[in-house]
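Peer 1: First the structure, which I've put down as structure tokens, then a few questions once you've had a look.
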Amino acid sequence: MPIYKPFKKTLPPSVQKDKDSQKCGLRHTVYSVCGNEYTGEWLENKKHGKGIQVFKKAGAIYHGEWTYGKRNGYGTYSVQIPETKEYTRKYCGQWKNGKKHGYGTYFFDSSAVYEGEWTDDQHNGWGRMYYENGDIYEGEWLNHKTHGRGIIRFSNGNWYEGSWRDGKRNGDGKFYYSDKGLLYEGFWVDGTAKCGTFVDVGRESAPSPPEFPFPEIQLVDMELVLREARAACQCHQ
């Protein structure tokens, strides 16, 4: 009885060599011609999984997750300080398709820090910003600008809570003047208060209150006057 050997399909030498050279799984450090270095996992010849990428020209390091050659998932991006040659964190958080996307914290060159939501490398959604001068904003963002509802606490004790648009106070909001013990509540346009009311709040403990208390409003229909003034402001926006 004849014996048949199973047919073994062989690839052309050039195709087989290319297949054998494909990086897959965990590899030691791979060096690029430009000087970059990558140590970590691969899949189908692309960075995939967890790995560390050293960017020589930019003087930066990314340590985190990858998906088919792009930063994807959680990772930390650090930059080198020229004077000390040491690395300091710049961003740590979530990534998508090589961009900051999701929740993360960004450290600016100064003492300013942003922590919150990102979309395509920009502040989008909810976030908290610690400014270098001591001010703190917490609220909504759109394309790197305060936009929506939010509150900012100034380093001098003042605060504003209300609506924002394109980085400025726009719409209804309240502003508290800590040095005078006054609270303004009203309507804003491009950072300027247009119509509203002032009331004394904490006048006794304020360091420099007005000489005289604010009188009570005696209008027959205060709300009607405010609505008409607000409508006039909105018409001119």
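The values are calculated or read from the model by the stated rules, or taken from the named source; none is laboratory data. Only a predicted model underlies this, so the values are computations on that prediction, with no experimental measurement involved. FYI the Cβ positions are ideal-geometry reconstructions off the backbone, even for glycines, and counts take in every protein chain you see. Just the protein is used for accessible areas: all its heavy atoms, side chains included, with ligands, DNA and RNA removed. Shrake-Rupley method; radii C 1.70, N 1.55, O 1.52, S 1.80 Å.
Peer 1: Within the range 56-70, which residues are part of a strand (DSSP E or B), more than 23 Å from residue 110 (Cβ to Cβ) and open to solvent by less than 50 Å² (accessible area, probe 1.4 Å)?
Peer 2: Within the range 56-70, 64, 66 qualify.
Peer 1: Next up: Going through 74, 38 one at a time, which residue ends up being out of contact with any Pro (no Cβ under 7 Å at 6 or more places or on another chain) and surrounded by fewer than 17 Cβ atoms within 10 Å (Cβ to Cβ)?
Peer 2: On the way: 38 fails: surrounded by fewer than 17 Cβ atoms within 10 Å (Cβ to Cβ).
From the options 74, 38, the qualifying one is 74.
Peer 1: With respect to residue 24, determine if the residue is modelled with pLDDT under 85, open to solvent by 60 Å² or more (accessible area, probe 1.4 Å) and of a type in the set (A, V, I, L, M, F, W, C).
Peer 2: yes
Matching residues to (1) in contact with a Lys or Arg (Cβ under 6 Å, 6 or more places away or on another chain); (2) closer than 30 Å to residue 136 by Cα; (3) charged (D, E, K, R):
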{"site": "35", "(1), (2), (3)": "yes, no, no"}
{"site": "47", "(1), (2), (3)": "no, no, yes"}
{"site": "70", "(1), (2), (3)": "no, no, yes"}
{"site": "98", "(1), (2), (3)": "yes, yes, no"}
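Peer 1: Is the range 164-173 home to any residue that is within 20 Å of the chain's Cα centre (by Cα), within 21 Å of residue 103 (Cα to Cα) and open to solvent by less than 80 Å² (accessible area, probe 1.4 Å)?
Peer 2: From the range 164-173, those within 20 Å of the chain's Cα centre (by Cα) are 164-169; that's our starting set.
Filter again for within 21 Å of residue 103 (Cα to Cα), leaving 167.
Next, from what is left, pick out any that are open to solvent by less than 80 Å² (accessible area, probe 1.4 Å): 167.
The answer is yes; a qualifying residue exists.
Peer 1: Would you check if residue 128 is open to solvent by 70 Å² or more (accessible area, probe 1.4 Å), under 25 Å from residue 174 (Cα atoms) and at pLDDT 95 or above?
Peer 2: When the stated conditions are applied, residue 128 does not pass them.
Peer 1: Which one of these is in a strand (DSSP E or B) and in contact with a Cys (Cβ under 9 Å, 6 or more places away or on another chain): 174, 194?
Peer 2: Going through 174, 194 in turn, just one is in a strand (DSSP E or B) and in contact with a Cys (Cβ under 9 Å, 6 or more places away or on another chain): 194.
Let's see how each residue does on (1) basic (Lys, Arg); (2) out of contact with any Ser or Thr (no Cβ under 6 Å at 6 or more places or on another chain); (3) at pLDDT 95 or above; (4) not assigned by the TED database to the domain that holds residue 203:
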{"position": "111", "(1), (2), (3), (4)": "no, yes, no, yes"}
{"position": "117", "(1), (2), (3), (4)": "no, yes, yes, yes"}
{"position": "120", "(1), (2), (3), (4)": "no, yes, yes, yes"}
{"position": "150", "(1), (2), (3), (4)": "no, yes, yes, no"}
{"position": "153", "(1), (2), (3), (4)": "yes, yes, yes, no"}
{"position": "160", "(1), (2), (3), (4)": "no, yes, yes, no"}
{"position": "166", "(1), (2), (3), (4)": "no, yes, yes, no"}
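Peer 1: Any residue at all in the range 65-84 that is touching a strand residue (DSSP E or B) at 6+ places or on another chain (Cβ under 6 Å), among the acidic types (Asp, Glu) and either at pLDDT 95 or above or closer than 27 Å to residue 132 by Cα (or both)?
Peer 2: Among the residues of the range 65-84, at least one is touching a strand residue (DSSP E or B) at 6+ places or on another chain (Cβ under 6 Å), among the acidic types (Asp, Glu) and either at pLDDT 95 or above or closer than 27 Å to residue 132 by Cα (or both), which makes the answer yes.
Peer 1: Here's another thing I want to ask about it. Going by what's in this entry, would residue 189 be described as open to solvent by 30 Å² or more (accessible area, probe 1.4 Å) and modelled with pLDDT under 95? Reasoning before the result, please.
Peer 2: Details: open to solvent by 30 Å² or more (accessible area, probe 1.4 Å): no; modelled with pLDDT under 95: yes.
The answer is no for residue 189.
Peer 1: Are any residues in the range 77-93 open to solvent by 80 Å² or more (accessible area, probe 1.4 Å) and touching a residue at least 24 places away in the same chain (Cβ under 8 Å), and if so, which ones?
Peer 2: Once the filter is applied, which keeps residues that are open to solvent by 80 Å² or more (accessible area, probe 1.4 Å) and touching a residue at least 24 places away in the same chain (Cβ under 8 Å), the range 77-93 yields only 87.
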